[in-house]
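The values are calculated or read from the model by the stated rules, or taken from the named source; none is laboratory data. If you're wondering where the values come from, they're calculated on a predicted model, not measured in any experiment. So basically every Cβ, Gly included, is an ideal-geometry build from the backbone, and we count neighbours across all protein chains shown. Protein only, heavy atoms only, side chains kept; ligands, DNA and RNA dropped before computing areas. Shrake-Rupley method; radii C 1.70, N 1.55, O 1.52, S 1.80 Å.
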Amino acid sequence: MEEATFWEPTDKFLNQADYDLKLLMKTWKDEYGADDYACSMVLRTIADSVYLPEGQPLV
């Protein structure tokens, strides 16, 4: 069986992701009146749904 390889993010990717997330949060705040807590909970829910092993609680 082949050993798993993992993708390493580049500085360019991380910088663009940082910019994109800040812009997304600004949009949520401007268009929907979200606050920092609401934005962070949405981002956490997205991250948890992608990265948590199946069956783990989203707590």
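Find the accessible area per residue for the chain; the probe is 1.4 Å, ligands and nucleic acids are left out, and the unit is Å². Show your work: numbers first, answer last.
Working: 5680 Å² over 59 residues.
For the chain, the solvent-accessible area averages 96 Å² per residue.
Over the chain, with every protein chain in place, what whole percent of the accessible area is carbon and sulfur at 1.4 Å, could you tell me? Could the numbers behind the result be given before it?
On the way: 3350 of 5680 Å².
Accessible surface attributable to carbon and sulfur in the chain totals 59 percent.
If you fit an axis through the alpha-carbon atoms of helix 36-51 and take the longest principal axis of the Cα set of the chain, what angle between them do you get, 0 to 90°, nearest 10?
20 degrees
With angles folded into 0 to 90 degrees, how steeply does helix 11-32 sit against the dominant principal axis of the chain? Use alpha carbons for both and round to 10.
Around 40 degrees separate the two axes.
Would you mind computing, in nm to one decimal, how far apart the modelled labels at residue 47 and residue 6 are, each placed 7 Å from Cα along Cα→Cβ?
1.6 nm
Let's test the formula: R0 of 22 Å, r as the Cβ-Cβ distance of residue 38 and residue 18. What FRET efficiency results, to the nearest 0.05?
On the way: r = 20 Å, r/R0 = 0.89.
Computed FRET efficiency for residue 38 and residue 18: 0.65.
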